[in-house]
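Beneath this line is the structure, given in C-alpha cells, with notes to follow.
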Amino acid sequence: MFEGVLPAIITPFKRNSDMDLDTRGLVQNIEFLVSAGIDGIVPCGSTGESATLTFAEHEKVIELTIDKVNGKIPVLAGTGSNNTAEAVRLTKAAKDSGADGVLVISPYYNKPNRAGLVKHYTKLADIDIPVVMYNVPGRTGQNLEPDLVAELAQHPNIVAIKEASGNISQISRIIEDTRDEDFVVISGDDNMTLPIMALGGVGVISVAANVIPAPMVAMSNAMKKGDLAKALSIHYELSPLLRAMFIDTNPIPVKKAVELLGMAAGPVRLPLDELDAKKTAQLQAVLAAYAGKVKKPDGKKAAPAKQKIARKGRR
C-alpha cells in the first residue's frame, strides 16, 4: 500500500500574528502534488510541523488531506507523540477520518526502554489501522534496532518502517530480517532513496517532493523497473537540491523553497525560526536550476528564485 514517492507535506501558515492554518493553500499544494503523479501523501509528519500543531489543527490538516485526495492515493497520517495517550488520540482520530494508515515516530525525549517501545507501538497497532514506524535517531535520541523492528513487524498491523537512521548496514539488516513478513522498508531520507531501494526498499517519504515531485517519482519508478542507469542519472541531477533541503533543520529550508517557488508556505512556528539571509541565498542559487521545471498549483511555471533575488536587489 505504501510505496513509491509519498511527500511529507508542509503545513502552510498565514503570515499573521497567530500563524493560522492556510487551509486554501494546503489544498492547492495537495492538488499540485497529486497532479505530479505522487504515490501517496503524508500530512502532519515532522515536515508538517506536527509538534507545534494543536489537536484541532492536526485533525483538520488530516481531514482536509483525505477529503482532497478523495481516494486517489493513500493517505499516511502522522500521529506520533512522545506521549502514548496523545498518539492513541491522534491515531483514533485519523482512523475515524478515513486515513489509510498512520506514521508513528518513536517517542522522543522520554527514551523508552525496549519493553516500553514494544508496548507503545503495539497499543497503536491494536487500534486496527496500518502502522508505519518511523526511526529517526537524530530527532528521538535513540535507535530502533533491527531485532526490535523484526519483532514488531510480526504484528499484522505494523506494515512498514520509515528508516532515517542513515545506517545503510542497519537498513539492509532490517530488510533481510523481515523478508518473510508482510512488511516493507521506506526511505526517510531523500539522499538515500536510491541505495535503500537497491537493497529492497519500496520508496521514500520525501521532503524534496514538496518541490520536485515529478523527478522524485521518475527516479522511484526507474528503480522499480530495474533501470539503475536512469535512476542514477536522476539521482545525481537532483543531488544538489536534495542536499539543500537540509542546510538547516527540516522543514525550514523546504518551507522557504516552496514559498520562493510561489506556492503556499508561510512562516515556520517557534521554536523553529526563518532561514537566515546567507542560507536563503544559498537555497535560491540551487533552486534557480530547477525553478523552470516546477509548476505551481495554477499550472504555471514557478518564477526562478534567482530572478526574485535580482528584483529585490534593485529596490
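The values are calculated or read from the model by the stated rules, or taken from the named source; none is laboratory data. The structure presented is a predicted model; accordingly, all values stated were derived computationally and were not measured. Quick reminder, even Gly has a Cβ in these numbers, built from the backbone with ideal geometry, and neighbours come from all protein chains shown.
Among Lys255, Lys295, Lys279, which is the only one that is modelled with pLDDT of 95 or more and either closer than 13 Å to Val211 by Cβ or touching a Ser or Thr at 6+ places or on another chain (Cβ under 7 Å) (or both)?
Unique residue meeting the criteria: Lys255.
Considering only residues that are under 25 Å from Lys278 (Cα atoms), over 15 Å from the mean Cα position of the chain (by Cα) and in a loop (DSSP other than H, G, I, E, B), which ones fall in region 220-252?
Correct list: Ile247, Asp248.
Return the total of residues in region 28-61 being more than 20 Å from Pro213 (Cβ to Cβ), β-branched (Val, Ile, Thr) and part of a helix (DSSP H, G or I).
Residues meeting the conditions: 1.
Just to be sure I understand the filter: pairs with C-beta atoms under 7 Å, separated by 6 or more residues or on different chains, first member in region 30-57 and closer than 20 Å to Thr249 by Cβ, second member modelled with pLDDT under 95 and not in a loop (DSSP other than H, G, I, E, B). Which pairs pass?
Listed pairs, sorted by first residue: Ser46/Arg139.
Considering only region 124-162, how many residues are closer than 20 Å to Asp100 by Cβ and either among the aliphatic types (A, V, I, L, M) or in contact with a helix residue (DSSP H, G or I) (Cβ under 6 Å, 6 or more places away or on another chain) (or both)?
Adding up the residues that qualify gives 15.
Quick one: which helices (runs of 4 or more DSSP H) lie wholly within region 94-172 and hold at least 2 residues that are under 19 Å from Val202 (Cα atoms) and either of a type in the set (A, V, I, L, M, F, W, C) or modelled with pLDDT under 95 (or both)?
146-152
Could you look through region 253-283, keep only residues that are over 17 Å from the mean Cα position of the chain (by Cα), assigned to a helix (DSSP H, G or I) and basic (Lys, Arg), and pick out the one that is nearest to Gln28 (Cα to Cα)?
Selected residue: Lys279.
Would you please name the residue that is nearest to Val34 (Cα to Cα), looking only at residues in region 96-111 that are surrounded by fewer than 18 Cβ atoms within 10 Å (Cβ to Cβ) and not aromatic (Phe, Trp, Tyr)?
Restricting to residues being surrounded by fewer than 18 Cβ atoms within 10 Å (Cβ to Cβ) and not aromatic (Phe, Trp, Tyr), the top hit is Gly98.
Determine which single condition Ser206 fails, assuming it passes every other condition in (1) farther than 22 Å from Pro12 by Cβ; (2) of a type in the set (Ser, Thr, Tyr); (3) within 19 Å of the chain's Cα centre (by Cα).
(1) is the only condition that Ser206 fails.
Taking region 147-176 as the region of interest, how many residues are closer than 18 Å to Arg114 by Cα and either polar (S, T, N, Q) or surrounded by fewer than 20 Cβ atoms within 10 Å (Cβ to Cβ) (or both)?
Residues in region 147-176 being closer than 18 Å to Arg114 by Cα and either polar (S, T, N, Q) or surrounded by fewer than 20 Cβ atoms within 10 Å (Cβ to Cβ) (or both): 8 in total.
Take the conditions part of a helix (DSSP H, G or I), hydrophobic (A, V, I, L, M, F, W, C) and in contact (Cβ under 8 Å) with a residue 40 or more places away in the chain and apply them to Leu76. Does it pass?
No; evaluated as a whole, the condition is false for this residue.
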